[in-house]
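This report refers to the structure that appears directly beneath it.
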Amino acid sequence: MRPKKLLIVGGVAGGASCAARSRRLSEEAEIIIFERGPYVSFANCGLPYYVGKVIKKEADLLVASPELFKERFNIDVRTLHNVRQVYPQQKEIEVQALTTGKIYREKYEALVLSPGSEPVKPALEGIGLPGIFTLWTIPDSRDIISWIKSRPVRRAVVVGGGFIGLEMTESLKKLNIQTTIIEMQPHLMPSLDPEMAAFLHDHLTSGGVRLYLNSAVTAFKSDEDALTVILASGRTLSTDLVILSVGVRPRTELAAAAGLRIGKTGGIWVDDRMQTSDENIWAVGDAVEVKDFILNLKRLIPLAGPANRQGRIAADNIFGNGSEPHRFRGSQATAVCGVSGLTVASTGVTEKFLKQIYGTDKLPDYEKIYLHPDHHAKYYPDAKTITMKLIFSKTDGRVLGAQAIGLAGVEKRIDVIAMAIQKNATVFDLEETELCYAPQFGSAKDPVNLAGMIAANVLRGHVSVGHWQDISDLQALILDVRTPREYRKGHLKNAVNIPLEMLRARLDELPHDREIWTHCFVGQRSYYAARILQQHGFKVKNLSGGFLLYPAVERFKQLLKSGL
Ligand code: FAD
């Protein structure tokens, strides 16, 4: 039965898309959005850029107004209205109008919950001190801006090095504020594996950002002049501003109080049509747990894209658009972040996530490769290196995840691989993918093709790969096939240097009774070398990621040791 009255709790990403889609499917239904904040459909993803003055006017953050919803969609938007309770038996909600304090009930035939998530504020001493902010709403951004305007703010501490922390670091840098990031984990950006994050650390530290990794904040203090951030190590940092971005938690209080099922991850349980455990109630966005598209398990993936799609899917199912239900396929956590000119993007699983889920002894049979292609043809000016990691199933070549980092062309490659993952594509598909090419945009062998080719070479047995993680205990001979000049500039411990061009003439210098690991700068010449050696009967592996990856990892280890 098509409902005559739809109520929606939360009027931003998931709620607003659900409302607008619902109207397109039903001209008859009464649709009301309840939003406890002052704005509906605002661009929360744009907030860091508003603080950093890239987005100049606050009004530009307002994607749609209540008036527009009324005039264009005939949707009643009630901002500053807090939904306090859901009564599933009576099919009613209890609402408080925050401007007048009036409490009233509203009946529904269908209810959609899209209350989002909220920033975690750990119960640390001094967490409520003036000058410590989270960034979640337009009023939050206003508070940060007015703090910066009202006093000399030269130093900032960002606690938490995830997406919002990094975007704020970029914005603070634009405002010439010296920024320090404190991260409890051993590396920034949880959506990356540590060796990929190493490039991010290098970029940030060389741009003047200070990093404290593996460092927990235990307290904040303040005096007249400054705030003090106290770390578990006992170290103290003096600062003028603190941005807290230590994670989010789904808002599930309404759902839990209404007796709706809450999943093991702590998000609202929904089926693949976004229906909750009550047949008249639907839930979408950050508040729900979703199926991981690759591993088929429930996860929390708080991102705008999934929230918008889920809102649309809920509407389709509520109003019965089409004979088949519209099913959410799951999410694969495709995400991108820009920081100081660097782009970091990822899709699908990381090795770290696999280990977290399965433990090191029950890991699925996967392989990984690294590559460092240029973002467009090398001969065309301004080619920039992208460092990529591809994770794939050893059994059937299915692509499981990819991470990329670089100054240009990064998100385009991850988007292509994200689509490949959605189609259950294999590395053999990436190898054959036809992508647009002209020198200023890409290469005839696009980085996506190269990733597929390298991985396919591994699966076809053309080459075996060795990994930087195993270098320290390695019994194999390390063969550096770069030029002597490159070798002299820096090389791996105990590496023997035979340039690729001389390899065929010097094969008798190499052992047949010991494994050989070839390497060069990025992994291409050493692949050629591995092919030569393999065809001459040597037991050989190519060090994936080459010398470019290794020093970044070493610098990362040093950074961890130094604590700064
Ligand atoms: P929201 O969009 O947060 O909307 C929930 C709304 O519900 C809120 O406005 C809240 O006031 C309201 N509400 C809650 N409870 C009640 C109640 N009881 N009664 C009435 N109203 C209620 N994602 C990306 O993919 N890319 C990005 O670049 C990105 N950047 C971000 C930057 C920032 C600073 C922030 C804060 C988020 C960012 N996100 C980004 C995350 C993205 O914004 C969220 O994933 C998305 O908005 C979730 O949509 P939602 O509808 O679940 O919740």
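Descriptive notes on the structure:
- Highest mean first, the peptides 455-468, 398-411 sorted by other C-beta atoms within 10 Å per residue fall in the order 398-411, 455-468.
- Ordering VAL427, LEU244, LEU111 by the projection of their Cα atoms onto the charge dipole of the chain, which places +1 on the Cβ of Lys and Arg and -1 on the Cβ of Asp and Glu, puts LEU244 at the extreme positive end.
- Compactness index (Cα Rg / 2.2 N^0.38 Å), the stretch 341-463: 1.04
- Which of LEU354, LEU390, TYR379, positive extreme of dipole for the stretch 332-397 (C-beta unit charges): LEU354
- Using the Stokes-Einstein relation with a Kirkwood hydrodynamic radius computed over Cα pairs, the translational diffusion coefficient of the stretch 1-74 at 10 °C and a viscosity of 1.306 mPa s comes to 120 µm²/s.
- Share of carbon and sulfur in the accessible heavy-atom surface of the chain [1.4 Å probe, %]: 51 percent
- Counted charge near THR218, where neighbours are those whose Cβ lies closer than 13 Å (Asp, Glu -1; Lys, Arg +1): +1
- Its residues counted as N, the stretch 402-448 yields a C-alpha radius of gyration over 2.2 N^0.38 Å of 1.13.
- Cβ-Cβ distance of GLU554 and THR483, R₀ of 22 Å, FRET efficiency by 1/(1 + (r/R0)^6): the value works out to about 0.55.
- Over the stretch 132-246, accessible surface divided per residue gives 38 Å², non-protein components excluded, 1.4 Å probe.
- Fully extended contour minus Cα-Cα distance, from ASN214 to SER150, at 0.36 nm per residue: 19.7 nm
- Cα-derived Rg to Rh of the stretch 405-526, Kirkwood definition: 1.04
- DSSP finds beta bridges in the chain, and of those with both partners inside it, around 55 percent are antiparallel.
- A viscosity of 0.890 mPa s and a temperature of 25 °C, combined with the Kirkwood radius over Cα pairs in Stokes-Einstein, give a translational diffusion coefficient for the chain of 94 µm²/s.
- Here the stretch 468-543 has an Rg and Dmax of 11.2, 31 Å, counting Cα atoms alone.
- To the nearest ten degrees, helix 410-422 and the longest principal axis of the Cα atoms of the chain are 80 degrees apart.
- Cα Rg, Dmax (largest Cα-Cα span) when computed across the stretch 132-246, Å: 13.6, 41
- Evaluated at q = 0.11, 0.12, 0.22, 0.23 Å⁻¹: base-10 log I(q)/I(0), Debye formula over Cα of the stretch 207-290: -0.55, -0.60, -0.95, -1.02
- As a rough guide to protection, the peptides 314-320, 485-491, 208-214 ranked by mean Cβ packing within 10 Å, highest first, stand as 314-320, 208-214, 485-491.
- The order of LYS70, LYS362 by accessible area, most exposed first and with a 1.4 Å probe, is LYS362, LYS70.
The values are calculated or read from the model by the stated rules, or taken from the named source; none is laboratory data. On a predicted model such as this, the values are computed, not experimentally measured, just so you know. Backbone-built Cβ (ideal geometry, glycine too); neighbour counts: all protein chains shown. Heavy atoms of the whole protein, side chains included, go into the accessibility calculation; ligands, DNA and RNA do not. Shrake-Rupley method; radii C 1.70, N 1.55, O 1.52, S 1.80 Å.
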